[in-house]
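Undergrad: One structure coming up, written as structure tokens, with questions to follow.
The values are calculated or read from the model by the stated rules, or taken from the named source; none is laboratory data. Owing to the predicted nature of the structure, the values given are computational and were not obtained by experimental measurement. All accessible areas refer to the heavy atoms of the entire protein, side chains included, with ligands and DNA or RNA removed. Shrake-Rupley method; radii C 1.70, N 1.55, O 1.52, S 1.80 Å.
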Amino acid sequence: MKEKNLYKYVEKFLIKNMNCFDSGQKCGVQFVGMADVLGLRDIGGAYSSDVELISVEVKLYTGNFGKICGQALGYSAFAHKCYLAIPFKGQNCFSQEQKEIASRLGIGLLEIRGKNCREILS
């Protein structure tokens, strides 16, 4: 399995569950990096307009968790919210330690199971 095969499931999640009105793959800023998936959502009220950019770094495994968290965090240079998305099978999921590390860094966690995503940490 390749990371890019999971991008469409993350995009679907951003649009359906996080109310993003637009999304893209491999978008970013020169000298910062290219996020795997970006979502754009309107956070303004009925009479105002403001947007929020959400970046998602997709990885196949939790190995080198600190390093991949750093990569996701790097996108905070241009995104309002940063997430790390990883696929899991069976009973596997993010460990409590991984959740604490991500929380301390301000990174959200998304769990990918099959074709579906779920927010574990906002």
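Undergrad: Determine how large the accessible area of Ile15 is when every protein chain is in place; take a 1.4 Å probe and give Å² rounded to the nearest 10.
TA: Here the accessible area works out near 80 Å².
Undergrad: Next question, about the same structure. Identify all aspartates and glutamates with a Cα-Cα distance to Lys99 below 14 Å; exclude those on the same chain that are fewer than 8 residues away in sequence.
TA: Glu111, Glu119
Undergrad: While we're here: With all protein chains present and a 1.4 Å probe, how do Ser95, Ser49 order by accessible area, largest first? Intermediate values should be presented prior to the final figure.
TA: Details: Ser95 50, Ser49 100 Å².
From most exposed to least exposed: Ser49, Ser95.
Undergrad: Another question, then. Put Lys99, Lys89, Lys8 in order of accessible area, largest first, 1.4 Å probe: what do you get?
TA: Lys89, Lys8, Lys99
Undergrad: Can you give me the % of accessible surface on the chain that is carbon or sulfur? Probe 1.4 Å, all protein chains present, nothing else counted.
TA: On the way: 3540 of 7200 Å².
Here carbon and sulfur together make up 49 percent of the probe-accessible area.
Undergrad: How much accessible area does Arg41 have with a 1.4 Å probe, in Å² rounded to the nearest 10?
TA: 40
Undergrad: Which of rounded, prolate or oblate describes the chain when judged by the alpha-carbon gyration tensor and an a/c cut-off of 1.5?
TA: prolate
Undergrad: A further question follows. Show the residues, 5+ positions off or on another chain, whose built amide H is closer than 5 Å to the amide H of Gly28.
TA: When sequence neighbours closer than 5 places are left aside, the close amide H contacts are Ala35.
Undergrad: Still on this structure, I have one more. Quick one: accessible area per residue over the range 13-56, 1.4 Å probe, rounded to a whole number of Å²? Can you show the working numbers first?
TA: Values: 2630 Å² over 44 residues.
Accessible area per residue, the range 13-56: 60 Å².
Undergrad: Can you give the calculated 222 nm mean residue ellipticity of the chain, where each DSSP H run of n ≥ 4 adds -39,500 (n - 2.57) and the sum is split over every residue, rounded to the nearest 500 deg cm²/dmol?
TA: On the way: 3 runs with 31 residues, N = 122.
Taken over the chain, the calculation gives -7500 deg cm²/dmol.
Undergrad: Using a 1.4 Å probe and counting only protein heavy atoms, arrange Cys93, Cys27, Cys117 so the residue with the most accessible area comes first.
TA: Working: Cys93 75, Cys27 45, Cys117 25 Å².
Putting Cys93, Cys27, Cys117 in descending order of accessible area: Cys93, Cys27, Cys117.
Undergrad: Could you check what % of the DSSP bridge pairs in the chain are antiparallel, to the nearest 5? Present the calculation step by step, with values, prior to reporting the outcome.
TA: Numbers: 19 of 29 bridges.
Expressed as a percentage, antiparallel bridges in the chain total about 65.
Undergrad: Pop out the ³J(HN,Hα) list for the range 41-51 in order, Karplus 6.51 cos²θ - 1.76 cosθ + 1.60 with θ = phi - 60°, rounded to Hz; leave Gly and Pro as x.
TA: 9, 8, 10, x, x, 5, 10, 9, 9, 8, 10
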